[in-house]
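The values are calculated or read from the model by the stated rules, or taken from the named source; none is laboratory data. The shown structure was predicted, so the numbers you read here are calculated from the model rather than taken from an experiment. Counting neighbours? That spans all protein chains shown, and the Cβs are built from the backbone with ideal geometry, glycine included. Heavy atoms of the whole protein, side chains included, go into the accessibility calculation; ligands, DNA and RNA do not. Shrake-Rupley method; radii C 1.70, N 1.55, O 1.52, S 1.80 Å.
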Amino acid sequence: MNEKRSKVPSQKCTLTAIALFLTACSSVDDARHATKREYPWHTDIVATTFWVGEILDPLVSDGSQVVSTYDAKWMENYGGCDGVVEDGVCKTERRTADNDYFPTSMEPKQNPFYLDLPFDDVNNRRAFETRADVVPWAEDPGYAGRAEDRSFSFLKNRWVRLERDGAVCYGQIQDAGPALYDDAEYVFGDADERPRSDMFNGAGLDVSPALNGCLGFSELNGQHDRVNWQFVEEDEVPEGPWTIIVTTTPVIPFARVPGQR
């Protein structure tokens, strides 16, 4: 028979162990606090709705969502029109929780929870030249040293938390806009700055139909709904319909015309 050992340690050992445990926990908490980046909230921002395959204005360079600023084959890579096609036109549709806010007439190959912000860090000259200075995570692993790499975006696939009237949803950045492409003060500022553009009722972002439904927008395709938003790290994103498909594709550049810069 094995010898039975006492399970009651001495009081001195117990107090020492508790002190060491609390010290260790405090050190871990301090380290986490020191390395955790707190992104500011942007509040009461007008959000319009856009969708893959939408043709807003075929006569302007940024009037089509067949492509995005980060993906020259966005509609093809997404899997088609993120909505319903009527008479050859890709239109949006109301989304509900019944099917996780996914489109009803197609199966997306990428995350249907997407959005844009007015900072194109690949194609806009000013945004590209300043991105290493204004993007908060520019020196993080995976980003550091890539400021001059035009085939790499500091924003594509990054996560954003959005809130409206108590609803909280998450989405990934897949385009730039609306209206402006170098609004660093608004996008990365920490004083709740207003968007610089006054177009589309002063909108500061576009959201996908999935986010429109998830956030309970009052308008299917309007410019009066408002949201609060902030950047979040990937490990802060909880499981939800926005994690059923996570987009990881890199920048798909546009073909360059020989001799054109």
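Before moving on, here are some points about what is shown:
- The set of residues in region 140-181 that are aromatic (Phe, Trp, Tyr) and either in contact with a Ser or Thr (Cβ under 7 Å, 6 or more places away or on another chain) or within 25 Å of Thr43 (Cα to Cα) (or both) comprises Phe154, Trp159, Tyr170, Tyr181.
- Reported count of residues in region 54-70, each being open to solvent by less than 10 Å² (accessible area, probe 1.4 Å) and either at pLDDT below 95 or among the polar types (S, T, N, Q) (or both), is 2.
- The number of residues in region 78-107 that are touching a strand residue (DSSP E or B) at 6+ places or on another chain (Cβ under 9 Å) and open to solvent by 70 Å² or more (accessible area, probe 1.4 Å) comes to 5.
- Residue selected from region 122-156 under the condition of a type in the set (D, E, K, R) and assigned to a loop (DSSP other than H, G, I, E, B), by the criterion surrounded by the most Cβ atoms within 10 Å (Cβ to Cβ): Lys156
- Scan of region 203-259 for residues that are more than 14 Å from the chain's Cα centre (by Cα), closer than 30 Å to Lys36 by Cα and of a type in the set (Gly, Ala, Ser), ordered by number: Ala203, Gly240
- Residue within region 215-233 that is in a helix (DSSP H, G or I) and either without any contact (Cβ under 8 Å) to a residue 60 or more places away in the chain or in contact with an Asp or Glu (Cβ under 9 Å, 6 or more places away or on another chain) (or both) present: no
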